[in-house]
2 protein chains.
Amino acid sequence: MGVEKLNASFFYLLERAIKTYRQMAQRTISEEYGAITIDQLLVLQAMKDQPELTQQQIAVVVFKDYASITRIIDLLVRKGFLHRSGHPTDRRRFELRLTQEAEDLLQQVHPRILKNRKIALDGITEEEILIARKVLAKISENCG
Amino acid sequence: MGVEKLNASFFYLLERAIKTYRQMAQRTISEEYGAITIDQLLVLQAMKDQPELTQQQIAVVVFKDYASITRIIDLLVRKGFLHRSGHPTDRRRFELRLTQEAEDLLQQVHPRILKNRKIALDGITEEEILIARKVLAKISENCG
DNA sequence: ATCATAATATTGATATATCAAATAATGACT
DNA sequence: AGTCATTATTTGATATATCAATATTATGAT
């Protein structure tokens, strides 16, 4: 194959890998835990790990747009996974707390997420993963 | 790092790479060619390469849902990039032809796409790309 | 030829991505 | 204190992802 075709099919493989992984992950989570999306879980997890983050900082951490975060948080509040109240010193902001339900859900889901990652990477050596990591990091750097 | 953290950050890098690449690609295309999305270009290119494909087959080729293809084609027709007429033998289907505008656009955009891929993969050796390809293909296989 | 089933495409509902514009509050400067 | 730029978030518009339901046509078995 020429370089151009190799490059083209690389991005094809990249799209395909992320899509099949996301589909598998969403399917297993939905089956076991019902109506929650991977993205919503990501946001919850980020807020649990670093409770002091602003919405904007959450957006950066999970690679999402501010607008998307607003809407995801909205849904999480409506679903009873987040409690939203005014921020004590900055009235543009909000104080967001995970509800007990959210804490429980995250704890239950966690092993499934680990398992999914393991399934996806099964049969790949550590060295191959290291090289792939390097490639992916370089792509972000090149495109950023 | 433990295996679990390594795995987690691998998927983080994967998400980040595809997002930054897509953003870069969309930005450069929009700047140079205006209101067309990467996904719309993908569909047009697939139809140009294999004009006899059904919409469902297009969906498979570009990794999209049937519903998404319906809507993307709808947009492309409205934008004047596709001409849609009844299929001669199967009345469930349609015959879709690229307009001259679409042909011209694809031809103009092509070098930019090649360039974007080259930019994204700059500084990565062929061997690293080969290994990354292998990893990505294995992930799809594992999740499929 | 009929009828059940399969295939093709569309539509509806909800979630997310993206950009631009709008709100609202804060902080800095005079 | 009052003006102004900046910051934090929201909203609107459009595109895409996904799943379920629907409509229409084609096909195969009888």
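The values are calculated or read from the model by the stated rules, or taken from the named source; none is laboratory data. Everything quoted here is computed from the prediction, not taken from an experiment. Backbone-built Cβ (ideal geometry, glycine too); neighbour counts: all protein chains shown. Accessible surface areas use protein heavy atoms only, side chains included; no ligands, DNA or RNA. Shrake-Rupley method; radii C 1.70, N 1.55, O 1.52, S 1.80 Å.
Listing for the model above:
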quantity: Heavy atoms of B:Leu82 accessible to a 1.4 Å probe, total area in Å² rounded to 10; calculated: 10 Å²
quantity: Inter-copy label distances at A:Arg112 (7 Å, Cα→Cβ; nm, one decimal); calculated: 4.2
quantity: Span from the segment B:36-89 Cα centroid across to the segment A:76-112 one, whole angstrom; calculated: 41 Å
quantity: Surrounding net charge for A:Ser140, when Lys and Arg each add one and Asp and Glu each subtract one, Cβ distance under 14 Å; calculated: +3
quantity: R0 of 30 Å, Cβ-Cβ distance B:Phe63-A:Leu114: FRET efficiency to nearest 0.05; calculated: 0.70
quantity: Accessible area, probe 1.4 Å, largest first, for residues B:His87, B:His110; calculated: B:His110, B:His87
quantity: For chain A: rounded, prolate or oblate by the Cα gyration tensor [a/c cutoff 1.5]; calculated: prolate
quantity: With DNA, RNA and ligands ignored, accessible area of B:Phe81 (1.4 Å probe; Å², nearest 10); calculated: 20 Å²
quantity: Reachable aspartates and glutamates, given that their alpha-carbon falls under 16 Å from the alpha-carbon of B:Lys64 and they are not under 8 places away in the same chain; calculated: A:Glu15, B:Asp39, B:Asp74
quantity: Mean ellipticity per residue at 222 nm, deg cm²/dmol - from DSSP H runs of n ≥ 4 across chain A, formula -39500 (n - 2.57); calculated: -23500 deg cm²/dmol
quantity: Too-long pairs where the Cα-Cα distance tops 19 Å, listed order kept, from A:Lys19/A:Lys115; A:Lys79/A:Lys118; B:Lys48/B:Lys79; A:Lys19/A:Lys138; calculated: A:Lys79/A:Lys118; A:Lys19/A:Lys138
quantity: Coil-residue GluC sites (Glu not before Pro) of segment A:41-144, DSSP, other Cβ within 10 Å capped at 16; calculated: A:Glu52
quantity: Two-site FRET efficiency, A:Glu126 against B:Glu126, from Cβ-Cβ distance with R₀ of 25 Å, rounded to 0.05; calculated: 0.70
quantity: Distant-in-sequence amide H partners of B:Leu82 (H built 1.01 Å from N, under 5 Å); calculated: B:Val77, B:Thr99
quantity: Accessible surface buried once B binds A (1.4 Å probe; total of both sides; Å²); calculated: 5100 Å²
quantity: Label point distance in nm, A:Arg91-B:Arg22, each placed 7 Å from Cα along Cα→Cβ; calculated: 3.9 nm
